Every structure is written in structure tokens, then in C-alpha cells.
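Step one of this worksheet: look at the structure below.
The values are calculated or read from the model by the stated rules, or taken from the named source; none is laboratory data. What you are looking at is a predicted structure, and each value in this text was computed from that prediction instead of being measured. We place every Cβ from the backbone using ideal geometry, glycine too, and count neighbours over all the protein chains shown.
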Amino acid sequence: MAQWGAEWMFGDDPEPEELDAQLLVWWMHTRVDTSGLDGDRHVLHLRFADDPRRFWILVEHGTPSVCMADPGFPVDVTISSDVASLYAVWLGRMPLGIAVRSGRVTLEGPTRVTRRLDEVLQLSPVAPFVAAASA
């Protein structure tokens, strides 16, 4: 089913009106794995160039939640992007490293965290099918 859905739903780039930053952050928070990072609390701040809202993914003791107001804890990393670019990363169309090198995504934070972000932010479960459908 995922392969069929990827071919029919994700074959082309989404139209601008189909891009929803809040929905993307919600999906992303379900796939955060901070088990490889030190400490029990981690805060990822997401900023979109084309959406004025700000989002935080707060992970406490392995449980992630989405905050639309600053949770008041130190931020481990700030991820800045336009919505379409972060969708492309989430769906596996563009590796995070390429998105960062091209300037479509910027990461601010300690190197010990930013260099592991591709492990922390796991891709959509349908990403392998989307990448195959896009090829």
C-alpha cells in the first residue's frame, strides 16, 4: 500500500497549497530518536522562512511533543528552512546533508548535535517508496 500511495500521492512535488508546516512538524515529531544524544531532555526549534509560526519539538525522557510556544528550555538545535525543502528531506527526496550544503536547510547548534541530526530526525516511513517513485 505504501508503494502504491507513494506513486500516486507523492510522484510529483507538492503544490504550495499542499504544504503545511504544522502538519509536517507533527509528522516529524513522531519520528524523532534522541537515544544517541546525552541527557533526558532535547529541544529542536523549527523555523520556516515562508511560515511565520514557530515550532519546537520537545523530547523529555524519550517522549516527543510539539510545542507552538517556546517551552522555556535551552534549544539543542534550530532548524531553519522553507516548508518545501524540509518536506523534501522528510520524504527522502533530498538527503539532509545535501539540503544543508545547498543552503536550503540551516542548522544552528553544537556540532555534536548537528552532525547527528540525520540520525535524530528519522525520515517518513514511506520515504523509501517516495524516493523510488520519484526516480
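Of the residues contained in the stretch 82-100, one or more are found to be assigned to a helix (DSSP H, G or I), surrounded by fewer than 17 Cβ atoms within 10 Å (Cβ to Cβ) and β-branched (Val, Ile, Thr). Screening residue 61 against (1) modelled with pLDDT under 95; (2) on the phi < 0 side of the Ramachandran plot; (3) not polar (S, T, N, Q) leaves a single unmet condition, (2). Out of the residues in the stretch 62-91 meeting the condition of being closer than 13 Å to residue 29 by Cα and of a type in the set (S, T, N, Q), tell me which one is nearest to the chain's Cα centre (by Cα). For the stretch 62-91, the residue satisfying everything is 65.
Given the criteria touching an Asp or Glu at 6+ places or on another chain (Cβ under 8 Å), aliphatic (A, V, I, L, M), under 20 Å from residue 101 (Cα atoms) and surrounded by fewer than 15 Cβ atoms within 10 Å (Cβ to Cβ), does residue 49 qualify? Answer is yes for this residue.
Quick one: which strands (runs of 3 or more DSSP E) sit completely within the stretch 29-81 and have at least 1 residues that are of a type in the set (S, T, N, Q), touching a Ser or Thr at 6+ places or on another chain (Cβ under 9 Å) and within 29 Å of residue 17 (Cα to Cα)? Lay out the reasoning, then the answer.
On the way: elements: 41-48, 51-60, 63-67, 77-81.
In the stretch 29-81, 77-81 are the strands (runs of 3 or more DSSP E) which contain 1 or more residues that are of a type in the set (S, T, N, Q), touching a Ser or Thr at 6+ places or on another chain (Cβ under 9 Å) and within 29 Å of residue 17 (Cα to Cα).
Could you check, for the stretch 104-116, whether at least one of its residues is modelled with pLDDT under 95 and either among the hydrophobic types (A, V, I, L, M, F, W, C) or in a strand (DSSP E or B) (or both)? Within the stretch 104-116, one or more residues are modelled with pLDDT under 95 and either among the hydrophobic types (A, V, I, L, M, F, W, C) or in a strand (DSSP E or B) (or both). Return yes when residue 114 is surrounded by 15 or more Cβ atoms within 10 Å (Cβ to Cβ) and either closer than 18 Å to residue 19 by Cβ or not aliphatic (A, V, I, L, M) (or both) and no when it is not. Yes, satisfied. Scanning the stretch 14-28 for residues that are assigned to a helix (DSSP H, G or I) and more than 12 Å from the chain's Cα centre (by Cα), which turns out surrounded by the most Cβ atoms within 10 Å (Cβ to Cβ)? Across the stretch 14-28, the extreme among qualifying residues is 18.
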